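These notes concern the structure reproduced below.
The values are calculated or read from the model by the stated rules, or taken from the named source; none is laboratory data. Not measured: the values here are computed from a predicted model. Cβ placement follows ideal geometry from the backbone for every residue including glycine, while neighbour counts extend to all protein chains displayed.
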Amino acid sequence: MSDLRITRIGPDQAGTLLAVVRAAFGARPAVDPPPDALTETEESLAALLAPFGGLLATVDGEPVGGLVLDPVGVSVYLRRFGVLPSAQGHGVATALVEAAEEAAEGYVDLRVLAREELPRTVRFWEHKGFARIGRTPPLIALSRPLRPPRLTRTVHTPEELQDLGRRLGPLLRAGDLLILTGDLGAGKTTFTQGLGEGLGVRGPITSPTFVIARIHPSLRGGPDLVHVDAYRLGSIEELEDLDLDTDFDEVVTVVEWGSGIAEVLGESRLEVRIGREEGRPGELEHGESRQVELFPVGPRWRGASWQDLH
Ligand code: ADP
Ligand code: MG
């Protein structure tokens, strides 16, 4: 495949999408009643595209796949999803799902309805990370949760940075892993201090300069906070060698400088990246505003919301 592109389309492209949908659905095994996709007209498809649009996949400018994005409540349904038989097996479907995920940012999940007489289609969606959530014959509903959007925030003072941590604290639970990255003096420890307050753990939280890790017990029956400075740690084995006597499933773990070292502690993590404001090159200066990015990775954060941080 040479030049695969996914573009957002509106109702004016209904004719192009209709041709793709007809070719894709026409090639599938016949089902009774026939899929709505095959009774679609240019007018009806334009009406379906009107509220939120759809996606069109092209290879070297030729349409090969597409779908309609249909938001219903907190979900975005993918409808009329089709890839031309001649273009299948080249990543077109995956690219369409990824683009849909981007287009649906801010919603809780992507959903599809598949015909239960077509187990291959159902398996296709399961393979793409969708799970069955319901069945209304002849349809099976599948859902794939969306990752919460990244949060980017500018903080002007150390107090503002601590305040962000303080408000994040209550959103955390046992087993959570936070990886803090940023240069020396960026504010990783400052952020952790606020986080400790928000979690309600015993302080003081300081740079663990001589001690690589400290356990701050909860003062209110919540998870303890394990605060690790991985600056001088070469690998995760060294962290495990510290023999912290801690079950990481029962605590909230914050690792400063943990990028590339601590990811193996869990399948999910929240990366907290502290740096210069967008586009400003060079080193952070003391007293300068910082940009903080919360970058969630893994299933733990699917469906989570940063609303309480605003
Ligand atoms: P790190 O743990 O990343 O090495 P620290 O939190 O220990 O960094 O130190 C950050 C230092 O920068 C603190 O002395 C803090 O007062 C100072 N500072 C100045 N301006 C800011 C700001 N806008 N945000 C965070 N820290 C700031
Ligand atoms: Mg520090």
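All told, Gly182 meets the bar of being buried (at least 21 other Cβ atoms within 10 Å of the Cβ), within 16 Å of ligand 2 (Cβ to nearest atom), under 28 Å from Glu293 (Cα atoms) and at pLDDT below 95. For Ala99, are the conditions met, namely being under 23 Å from Arg120 (Cα atoms) and in contact (Cβ under 8 Å) with a residue 40 or more places away in the chain? Yes; evaluated as a whole, the condition is true for this residue.
Tallying residues that are at positive phi and within 23 Å of the chain's Cα centre (by Cα) within the stretch 84-128 yields 2. For Gly260, the criteria (1) in a loop (DSSP other than H, G, I, E, B); (2) at negative phi; (3) more than 16 Å from ligand 1 (Cβ to nearest atom); (4) not hydrophobic (A, V, I, L, M, F, W, C) hold in every case but one, which is (2). Taking the conditions (1) within 26 Å of Pro299 (Cβ to Cβ); (2) at pLDDT 95 or above; (3) over 26 Å from the mean Cα position of the chain (by Cα) in turn, Val252 satisfies each one other than (3). Has the stretch 272-289 got at least one residue that is assigned to a helix (DSSP H, G or I) and either at pLDDT below 75 or away from ligand 2 (no atom under 16 Å from the Cβ) (or both)? Within the stretch 272-289 (the criterion being assigned to a helix (DSSP H, G or I) and either at pLDDT below 75 or away from ligand 2 (no atom under 16 Å from the Cβ) (or both)), the answer is no, since none of the residues qualifies.
For first residues located in the stretch 1-12 and within 20 Å of Glu102 (Cα to Cα), partners that are among the polar types (S, T, N, Q) and part of a helix (DSSP H, G or I) and lie 6+ apart or on another chain with Cβ distances below 8 Å form the pairs Ile9/Thr16. State yes or no: is Glu159 farther than 30 Å from Glu277 by Cα, of a type outside the set (Gly, Ala, Ser) and more than 26 Å from the chain's Cα centre (by Cα)? Considered against the rule, which asks whether it is farther than 30 Å from Glu277 by Cα, of a type outside the set (Gly, Ala, Ser) and more than 26 Å from the chain's Cα centre (by Cα), Glu159 comes out as no.
Comparison of Gly196, Gly165, Gly221 shows that the only residue that is outside any strand (DSSP E or B), within 19 Å of Val297 (Cα to Cα), more than 8 Å from ligand 1 (Cβ to nearest atom) and not acidic (Asp, Glu) is Gly165. Count of the stretch 204-218 residues, restricted to those that are within 13 Å of ligand 2 (Cβ to nearest atom), hydrophobic (A, V, I, L, M, F, W, C) and either in a strand (DSSP E or B) or at pLDDT 85 or above (or both), is 2.
The residue that is farthest from Arg28 (Cα to Cα), counting only those in the stretch 60-89 that are hydrophobic (A, V, I, L, M, F, W, C) and surrounded by fewer than 19 Cβ atoms within 10 Å (Cβ to Cβ), is Val74.
Selection over the stretch 131-159 of residues that are in a strand (DSSP E or B), surrounded by 16 or more Cβ atoms within 10 Å (Cβ to Cβ) and touching a residue at least 60 places away in the same chain (Cβ under 8 Å) gives a count of 4.
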